[in-house]
Amino acid sequence: MSSWKRPLTARALRPVVAGIEALGHSPSPLFTHAGITPSLVADPDGRLPPGSMTRFWERAVVMTGDDRLGMHVALAAPINAFDVHAYAMLSSPTLRDAYHRACRYQRLINEATELTFREGPRGGVLRHGRPGGASVPRQPAEFLVTAWLRLGRLVTGSAWTPTLVFFAHDRPADAREHESVFGTSLRFTSGQTAMHIPPAALKSANPRADPTLAALLDRYASTLLDRQPAFTTISGRLRAWLVEAHGAGVPAASQAAKALAMSERTLHRRLEAEATTFRKVLDGFRHEKAVELLALRRHSIAEVAFLLGYSELSAFYRAFRRWTSRSPADVRDEAPDNLADSDN
């Protein structure tokens, strides 16, 4: 089996299992359904079988009857279940440092996904994505963002609220609990899993900061990272190239193949092996970039369409409605004022 198909370590599952137990449910039936052995969960570096995490979440929702399970698990899981990430974050001097550490340690959880933190004058953006820029499904997405917020509040010792939260999935029929948990504006069907953090929160000093422990954990995490080879996917490399080469016009597969030092035929074949295509990766990149540009309000809708390579505004409108079931104007008008003119 190709190594790219088994990038997920047991560290991703352990807080989920602990949270389900804390909510009063036994994970044993879930292990059986997902094809996971309890001994595998006990080994943080153990690799989960392909598709097992998805099956685990799907069956967990059915078993518990809880369609907000992702949020509930993230709030219920004991902090020690989050492993080295939690302790490193909680020993960091500021929230900014804590989120930077979370990004550095992401490969210990999943070698294929990307956790990024970008900061501008109006705050920071923590964003999670799968190869090619795709987002995770609803339950793990809500688990991730809730965990980011929970750990972030523990770092600062205060109940700060995000500026904005993005989810790729459709808005639930009842989102009142989501609004209560995050206490901020929520954007569903957005094509991304992201949280905007206000500058004041990022600068907040951690009253429990422990520089000695933070340095020790950094060395420990670096040792773990050095023991596992760097993991890359062609779709991930393609998306990174799209970000770097982004400008007006439509990038061609031939250009991408040349930049990635392979033939166009090889590029298509390797993307197919990852269950994707050049068009899908490009489409995902355009979707995410469109939402980002519209939220920042630096450009008109026509300019955003041009920057993303659409020669006709009507084609951009059709694509945007396909992505989000909404109009570009709706997304731009709903962005908070404090995101305008940001570098995020």
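The values are calculated or read from the model by the stated rules, or taken from the named source; none is laboratory data. Remember, it's a predicted structure, so these values are computed and weren't measured experimentally. Note: ideal-geometry Cβ built from the backbone for every residue, glycine included; neighbour counts use all protein chains shown. Ligands, DNA and RNA are stripped out before the accessible areas are found, and what is left, the full protein with its side chains, is counted by its heavy atoms. Shrake-Rupley method; radii C 1.70, N 1.55, O 1.52, S 1.80 Å.
Quick look at the numbers
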{"quantity": "Paramagnetic label zone (point 7 Å from Cα along Cα-to-C-beta, Ala42; backbone N under 20 Å) in segment 12-28", "calculated": "12-22, 26-28"}
{"quantity": "Reciprocal mean inverse distance between Cα atoms of segment 29-102 - Kirkwood radius, Å", "calculated": "14.3 Å"}
{"quantity": "Relative contact order (percent, whole number), segment 98-231, Cα cutoff 8 Å, 6+ residue spacing", "calculated": "27 percent"}
{"quantity": "Stretchable slack from Val243 to Ala261, in nm (0.36 nm times residue separation minus alpha-carbon distance)", "calculated": "4.8 nm"}
{"quantity": "Alpha carbon Rg of the chain, scaled by the compact-globule rule 2.2 N^0.38 Å", "calculated": "1.00"}
{"quantity": "Structure-based [θ]222 nm, the chain - -39500 (n - 2.57) summed over DSSP H runs of at least 4, per residue, nearest 500", "calculated": "-15500 deg cm²/dmol"}
{"quantity": "Whole-number D in µm² s⁻¹ for segment 155-299, Kirkwood Cα-pair radius fed into Stokes-Einstein, 25 °C, 0.890 mPa s", "calculated": "129 µm²/s"}
{"quantity": "Accessible carbon and sulfur surface of segment 130-191 relative to its total accessible area, %, 1.4 Å", "calculated": "51 percent"}
{"quantity": "GNM result for the chain, Cα springs below 10 Å: residue of Thr163, Thr94, Thr223 fluctuating most strongly", "calculated": "Thr223"}
{"quantity": "Mean separation of Cα contacts under 8 Å (6+ apart) over length of the chain, as relative contact order %", "calculated": "17 percent"}
{"quantity": "Förster radius 25 Å - calculated FRET efficiency between Glu177 and Arg153 (Cβ-Cβ, nearest 0.05)", "calculated": "0.90"}
{"quantity": "Surrounding net charge for Asn80, when Lys and Arg each add one and Asp and Glu each subtract one, Cβ distance under 14 Å", "calculated": "+1"}
{"quantity": "Gained length - Arg227 relative to Ser254, 0.36 nm times residue gap less alpha-carbon distance", "calculated": "6.2 nm"}
{"quantity": "Pairs of lysine residues in the chain - Cα separation under 26 Å, sequence separation of 8 or more or cross-chain", "calculated": "5"}
{"quantity": "Probe 1.4 Å, accessible area per residue of the chain, Å²", "calculated": "45 Å²"}
{"quantity": "Computed FRET value (nearest 0.05) for Asp210 with Arg322, which takes r as the C-beta separation and R₀ as 41 Å", "calculated": "0.25"}
{"quantity": "Hydrodynamic radius of segment 37-190 per Kirkwood, over alpha carbon pairs, in Å", "calculated": "16.5 Å"}
